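S.K.: Dumping the structure here so I can ask a few things about it.
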Amino acid sequence: MTVSEEARKAAVVAMKVPGQIRASECRFLYRLSRRISNVVEIGCLHGRSTAALVQAAKVFKADVTSVDPFYVTPGLKQQSSPEQWRKNLEAVGLKAPNLLAMESHAAAQVYEKEIGFLFIDGNHDYEHVREDILDWAPKIKVEGVMAFHDMFMPHISGVAQAVTEWWLSIFDIQNVTWKLEGMTDFTIAFRRMK
Ligand SMILES: C[S@@+](CC[C@H](N)C(=O)[O-])C[C@H]1O[C@@H](n2cnc3c(N)ncnc32)[C@H](O)[C@@H]1O
């Protein structure tokens, strides 16, 4: 099976889990996280993105950690919980990965491994996304990738603001430390070069 076929198959499974990301984004996450290294996601909710990541991680037996305090999300009909998240994954034949049921800032203080793929989809306020970048980007290894959901989503300005500010602060054409890896729908990814 080619990686594209694998990604398509994984997205079909992931889309059976309730969630907010699209099938195209599940395929993108699958391709980016299919690697020999630690994978972390911030904000797992019902587990759709988790489902894409754990399937990719299986290929090289990579370690996946999900971070979410499982706050009640205003306006969301169906709230989640660690139990619900686990059940949703088991319902599609997947084993839930490690869980840090806490805010990402607290998780960053206890997560000590080097990261190969990081998916940020937690609190979308500018201050929180900025803090996520400050806390987590230094943990990403060279050649590792950091991706954000809800970039340029019209009613969510915090992600675009914090990511653009970070990109402008590190961009140096003479000394490329991060490279834009690509964007699929509302998911944008950057690869660490140094
Ligand atoms: C948009 S949802 C994630 C959607 C999920 N990735 C999917 O595939 O459907 C955002 C999640 O971030 C969590 N969250 C909110 N504040 C957080 C924080 N400070 N740290 C980590 N997660 C947070 C919420 O509990 C919620 O489950």
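The values are calculated or read from the model by the stated rules, or taken from the named source; none is laboratory data. Since the structure is predicted, the reported quantities are computational estimates derived from the model, not experimental observations. Cβ atoms come from the backbone with ideal geometry, glycine included; neighbour counts cover every protein chain shown.
S.K.: Of the residues Ala23, Ala57, which single one is of a type in the set (A, V, I, L, M) and either out of contact with any Ser or Thr (no Cβ under 8 Å at 6 or more places or on another chain) or over 17 Å from Val145 (Cβ atoms) (or both)? Lay out the reasoning, then the answer.
M.R.: Numbers: Ala57 fails: either out of contact with any Ser or Thr (no Cβ under 8 Å at 6 or more places or on another chain) or over 17 Å from Val145 (Cβ atoms) (or both).
None of the other options fit; the residue is Ala23.
S.K.: Only one of these is small (Gly, Ala, Ser), closer than 25 Å to Glu181 by Cβ and more than 17 Å from the chain's Cα centre (by Cα): Ser66, Ser4. Name it.
M.R.: Details: Ser66 fails: more than 17 Å from the chain's Cα centre (by Cα).
One residue alone meets the criteria, Ser4.
S.K.: Based on this model, can you work out whether Thr65 counts as part of a strand (DSSP E or B), on the phi < 0 side of the Ramachandran plot and either basic (Lys, Arg) or in contact with a strand residue (DSSP E or B) (Cβ under 6 Å, 6 or more places away or on another chain) (or both)?
M.R.: Working: part of a strand (DSSP E or B): yes; on the phi < 0 side of the Ramachandran plot: yes; either basic (Lys, Arg) or in contact with a strand residue (DSSP E or B) (Cβ under 6 Å, 6 or more places away or on another chain) (or both): yes.
Yes, satisfied.
S.K.: Sticking with this one: Here are the criteria: (1) crowded, with 20+ Cβ neighbours inside 10 Å; (2) part of a helix (DSSP H, G or I); (3) not hydrophobic (A, V, I, L, M, F, W, C). Tell me which single one Ser80 does not satisfy.
M.R.: (2)
S.K.: Here is a further query. Can you name the residue in segment 24-76 that is within 14 Å of the ligand (Cβ to nearest atom) and basic (Lys, Arg) and, of all such residues, is nearest to Val3 (Cα to Cα)?
M.R.: Arg27
S.K.: Something else now. Can we say Arg34 is in contact with a helix residue (DSSP H, G or I) (Cβ under 7 Å, 6 or more places away or on another chain), among the basic types (Lys, Arg) and closer than 25 Å to Ala108 by Cβ? I'd like the intermediate steps shown before the answer.
M.R.: On the way: in contact with a helix residue (DSSP H, G or I) (Cβ under 7 Å, 6 or more places away or on another chain): yes; among the basic types (Lys, Arg): yes; closer than 25 Å to Ala108 by Cβ: yes.
Here the answer is yes, as Arg34 does meet what is asked.
S.K.: Hey, another quick one. Among the residues of segment 22-58, write down those that are surrounded by fewer than 24 Cβ atoms within 10 Å (Cβ to Cβ), of a type in the set (A, V, I, L, M) and not in a helix (DSSP H, G or I).
M.R.: The answer is Ile36, and nothing else.
S.K.: Condition test on Val145, is it surrounded by 18 or more Cβ atoms within 10 Å (Cβ to Cβ), modelled with pLDDT of 95 or more and farther than 24 Å from Ile36 by Cβ?
M.R.: Numbers: surrounded by 18 or more Cβ atoms within 10 Å (Cβ to Cβ): yes; modelled with pLDDT of 95 or more: yes; farther than 24 Å from Ile36 by Cβ: no.
When the stated conditions are applied, Val145 does not pass them.
S.K.: Being surrounded by fewer than 16 Cβ atoms within 10 Å (Cβ to Cβ) and free of Cβ contacts under 8 Å to residues at least 24 places away in the same chain is true for just one of Pro18, Pro74. Which residue is that? Before the answer, list the steps.
M.R.: On the way: Pro18 fails: free of Cβ contacts under 8 Å to residues at least 24 places away in the same chain.
Among Pro18, Pro74, only Pro74 is surrounded by fewer than 16 Cβ atoms within 10 Å (Cβ to Cβ) and free of Cβ contacts under 8 Å to residues at least 24 places away in the same chain.
S.K.: Does at least one position in segment 155-176 carry a residue that is surrounded by fewer than 16 Cβ atoms within 10 Å (Cβ to Cβ), at pLDDT below 95 and under 23 Å from His46 (Cβ atoms)?
M.R.: Yes, some residue in segment 155-176 is surrounded by fewer than 16 Cβ atoms within 10 Å (Cβ to Cβ), at pLDDT below 95 and under 23 Å from His46 (Cβ atoms).
S.K.: Could you list all residues from segment 88-125 that are exposed (fewer than 15 other Cβ atoms within 10 Å of the Cβ), more than 9 Å from the ligand (Cβ to nearest atom) and in a helix (DSSP H, G or I)?
M.R.: Of everything in segment 88-125, those that are exposed (fewer than 15 other Cβ atoms within 10 Å of the Cβ), more than 9 Å from the ligand (Cβ to nearest atom) and in a helix (DSSP H, G or I) turn out to be Glu90, Ala91, Gln109, Val110.
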